[in-house]
Amino acid sequence: MSTVLQEAGAGFVLIPPRSKAPTYKGWQRNPKPLAEAFQHAANGGNVGLLGGHNGLILLDADAHADKVLAAEPRLSRTVRIFRRNAPDRAKWIVRIAGELPPSKKAHGIIEVLATGTQGVIVGVHDSGAAIEYDGDTIITLTATDVAALWRTLTGEELGRTRRRDDAPPPDAEAVQRSMGLVATVLEAGTIKADAWQPYDNGGRLAELTHCPFVERTAEPNRQHGAEGKAFVIVHADGRIGAGCHSARCQHAIAAHGGSGWALLKEIAGYKPHTDDMAHARLLVEQLRGWVRRTDLAEQVPIVKQSDTGYRTRDTDTAVADAILDIAHERGRLERLPLSLRDLRARAGLGSANTAACALDRLLGWYVVKHPVSERKAWEAELYDLNPAIVAAAEDALQLAYIARSSATDTRFLDQANQRAIYATAPLVTHRQHDAFTASMTPITEEELQARIDARKARIEAGEDVRPIERSRYRRRLAAILPSAGRGVLRMIDALATEGSSTKAKLIDLLNVSPSSLSRLVSRAVDLGLVEADRHT
Ligand SMILES: [Zn+2]
């Protein structure tokens, strides 16, 4: 049999002894070669045939193998897998010419083991019986032949019909609950769906406007077209499923472990603790204000700026803002998939290359690459917003919260009101100015330790808050003396060259906005570097 399998280009799956299920991830897309399968079998392991690989599938009769054979007599000429303690069972290996039939099971009648599945062909069954084979050729059939066999045996269509086994009674309440959960998850990832349609006797199906699984495929930036749409299904008993008709996405789902719904939740950034997402979004709003107020010339490393000055302020600001849009949609500040195409579209840039250059200028101080031990080829590069900036935003939020609590009765405030107060509290705006500029507010070791201790006490008291990470405060600890920042230095340089100057003249010289100049002046005044006359 090994020769015929080798010639047929079979792919194999390594399975523990006496088991029928592989225990490693990604077996659906990583067929093992014959030599490795041989070695594994020689060591006592079981070996499966990977369904669909090079057109090879298994037709599995787990009862009444004779009926299957009667319905498709050509199977008597192909390799048969069997064991002696189960004479009415058999698996036949078949090569499919052209399109593959779907993988599908009709319990007690027949199972088609094609893409995404495997069937044990070598080893020992759980019962202790050896798995044997006979035959030395593999016949070729078509998907149409398999569909005809399926129709003969089950009286149903193989195409899109659901598994026939044990359909539970419709449970309207469970369906409603699950539809609610689906809506929450889709909302978390801002994934748009068309209206729910009735599906299979009491269930519901919704097609997704854009396929979210694409981002986990080998071509994360290329949507697929006519080949099919992604969908979410709520079965009649409330079970939720998700998938896509595109083969590319099916690969990605299989590689993730096989559950489209699990992958969809991950892509949507859905976590049951919705408070975390709400909190992350408040932080995003803080950061958005900071991006709008900050002169990026002071942040972008000078080596990444042009020789003739900082000429990419608008582009960099737009990309920084687009990254916050993505963070808002995901409800998180880390593990953000930043595709150049997405950034280009969101920031309204001319090319993906422009987005790539801007992302490079933001790298290191605004976003950092998310540390991963191993990134698979089909996974997008992930980024975190710089923890130092996030820590400062946390501080600003905390202070805003304190300001709000002391100013008003908070019991009746909804989230929208809270957000408005965060944005307008004078303490916040003042504090942000300090916390977010390159010259961060210094924090002493003692102050930090006191904060860590206080947070620990809250955790021990059972509060659901996160421990303070010392590393996030490194920059703050280091900021013993606030640095002036490049913008201030440029201004002083201009003043030194020109002598005293009017605002209008400085704006022209420095190529900054009036508000940027005001900020530079007030910082320089704070530092005792210049004297400002309010009327000039
Ligand atoms: Zn898809």
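Observations
- Within the full protein context, the accessible area of His125 is estimated at about 60 Å² for a probe radius of 1.4 Å.
- Charge tally for Asn353 (other residues, Cβ to Cβ under 12 Å; Lys, Arg +1; Asp, Glu -1): +1.
- Cα-derived Rg to Rh of the stretch 201-305, Kirkwood definition: 1.15
- Which of Trp196, Trp92 is most accessible, then next, and so on - probe 1.4 Å: Trp196, Trp92
- Per-residue SASA entry for His235, accessible area with 1.4 Å probe, Å² rounded to 10: 30 Å²
- Neighbourhood net charge (13 Å Cβ-Cβ; Lys/Arg +1, Asp/Glu -1) for Leu14: +2
- Under 26 Å of direct C-alpha separation, and excluding same-chain neighbours fewer than eight residues apart, Lys25 reaches these lysines: Lys91, Lys104, Lys105, Lys229, Lys265, Lys271, Lys369, Lys376.
- Restricting the stretch 127-157 to GluC sites (Glu not before Pro) that sit in a DSSP loop and have at most 11 other Cβ atoms within 10 Å of their own Cβ leaves Glu157.
- Accessible area of Arg77 (1.4 Å probe, protein heavy atoms only, ligands and nucleic acids ignored): about 140 Å².
- One decimal place: the segment His64-Lys505 gains 149.5 nm when fully extended, by the rule 0.36 nm per residue minus the C-alpha distance.
- At full extension, Ala97 and Asn43 could sit 16.0 nm farther apart than now, given 0.36 nm per residue minus the alpha carbon distance.
- Heavy-atom accessible area with a 1.4 Å probe sorts Lys192, Lys304, Lys91, largest first, into Lys192, Lys304, Lys91.
- Each Lys and Arg Cβ is given +1 and each Asp and Glu Cβ -1; about its Cα centre, the stretch 1-64 then shows a dipole of about 260 debye.
- Rg [Å, one decimal], Dmax [Å, integer] - the stretch 2-154, C-alpha atoms: 14.3, 41
- Put a plus charge on the Cβ of each Lys and Arg, a minus charge on the Cβ of each Asp and Glu, and nothing anywhere else: the dipole of the stretch 35-114 about its Cα centre is then about 200 debye.
- Accessible surface comparison of Phe82, Phe38, probe 1.4 Å, protein chains only, largest first: the order is Phe38, Phe82.
- Here is the list for the stretch 212-294: trypsin sites (Lys or Arg not before Pro) lying in DSSP coil, each with at most 13 other C-beta atoms within 10 angstrom of its C-beta, are Arg222.
The values are calculated or read from the model by the stated rules, or taken from the named source; none is laboratory data. Keep in mind the model is a prediction, meaning the values are calculated, not measured. Cβ atoms come from the backbone with ideal geometry, glycine included; neighbour counts cover every protein chain shown. Please note that ligands, DNA and RNA were not included when accessible areas were found on the heavy atoms of the full protein model with its side chains. Shrake-Rupley method; radii C 1.70, N 1.55, O 1.52, S 1.80 Å.
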